[in-house]
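Notes to accompany the following structure.
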Amino acid sequence: MRNLLANKKIQTLLICLAFIPLVFGISMAAGAYASKAGTAKTDSTAVTGIKNELAAEFRNYGTMLHPVKLVSPPLERSKSTQASAASKNIGVPSEKQAQPAKIAQNTQVPSKHERQPGTNPAQASDPAQKSASNSAQTSKRVQNHASNQAEAAKTAQSPASNQDQGTKIAQSLASNQDQGTKIAQRSASNQAETAKPAQQQAQNPDPAQKPGHEETSNSTPAPAQSKPSAKPPAPSGKQRELYLTFDDGPHRVSNQILDLLDKYNAKATFFLLDGNMKQYPVQVKRMAASGHSLGMHGVSHNKQKFYHSAQTVVAEMDQGKDTIKRITGIDTALIRTPFGSSPYMTADYKRAVAEHGYKMWDWNVDSRDWYYRDRRFVDSTIEQIEKQKGKPGPIVVLLHEREETLANLPALLDYLKSQNFKLVPLTSSMVPIQFK
């Protein structure tokens, strides 16, 4: 055994065998590290919740939302796919394929804004229907033409014994093409007949039509306005009060929000942050001068700092109160705590703010404009208001001073006006709505 170990070849072989597991282990470790490094990192549930909350409350947090790329409906996609497949496999020339589409476009009934003044749709419907049926026949002829051409191509590849059959198919193709041309000419003549009654009525307008209310063909239609997904019920005779509240202001769009409220003769309540008030003092003065109510929303807007103790809650509200008093001269007692009072405002915290004379307000209608940031928050608000109509007590709507809220606020105000709501501000004499 000692002689074997003394052999250099055997020693070299043993050394190589010892290095094999080592090299294999290193390669496995490197592969595991590379796969771990390439794996996409995902945030935990707690981190995701914090990010969403920050994005909701701070307008400059996170990335801007991008519009969703529109996807064509399945029916349109299937039609386009069939058209492309027909053009590739059948081999019909593009000009012949375009003929039925042009005929169909020319024979369509004019829209409301394209008709001449005084055009009677009933008179023009019959020729248009005839033209549409002729165009449908034309498309069928073209399809027959395409199928016959495909059969001709197959026949051309067959042996010479089928040449006679190919000649007959070519002749039928020519006859079908002539018939399609005749039908297209008939469609054009029908279109001309359709236009004649409209021209005659344009020359002889209806004498009962008053001047100044004529609808010309060159008039541009008004832009379509978005409407709620569900039609709101008709307003009741009695006017009910509703309270719009805006958090996190003032903001650079505050003046535009105030312009809208003035336009609809609406009053609201603004719960303001101390730092923003110092940045936009002119907007705070305008809110007070316009008859809106002002309240405090804190200083830090940070859970850890604001809710550290009952003393920190009161201290931040006191600082905001002093800022409002210095800018406007108003001594207000209205407050709204960041993120709402539940679950952070304990019994001791509530007792502390009450002892300092503050009236803490939450809400019973959450517009969720901080989440949707588009027209969907209007629909959500309307749905919640409809549910609150049958319940006693004030209806308090939570909104935020944001650009996205401003863009869709007119739709909400239109609904409230149509439902005969009276938009008024909160007062210190009212019993506040608070979360349980």
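Any read-out appearing in this document is the output of simple, stated calculations on the displayed coordinates, not a laboratory observation. All figures in this text were calculated on a predicted structure; none of them were measured in a lab. Cβ atoms come from the backbone with ideal geometry, glycine included; neighbour counts cover every protein chain shown.
Just how many pairs of Lys in the stretch 285-332 have C-alpha atoms closer than 21 Å, counting pairs that are eight or more places apart or on different chains? Display every interim value, and only then the final one.
Details: Lys285/Lys321; Lys285/Lys325; Lys303/Lys321; Lys305/Lys321.
Total qualifying Lys-Lys pairs in the stretch 285-332 comes to 4.
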Q.
Residue by residue through the stretch 25-30, what is 3J(HN,Hα) from phi via Karplus (6.51 cos²θ - 1.76 cosθ + 1.60, θ = phi - 60°)? Round to whole Hz and write x for glycine and proline.
A. x, 5, 5, 5, 5, 5
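For every other residue with a beta carbon closer than 11 angstrom to the beta carbon of Gln419, add +1 if it is Lys or Arg and -1 if Asp or Glu, then tell me the sum.
On the way: positive: Arg240, Lys389, Lys417, Lys422; negative: Glu386, Asp414.
With Lys, Arg at +1 and Asp, Glu at -1, the net is +2.
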(Q) Checking the table Lys350/Lys389; Lys263/Lys391; Lys263/Lys417 against a 22 Å threshold on Cα-Cα, which pairs fail? (A) Lys350/Lys389; Lys263/Lys391
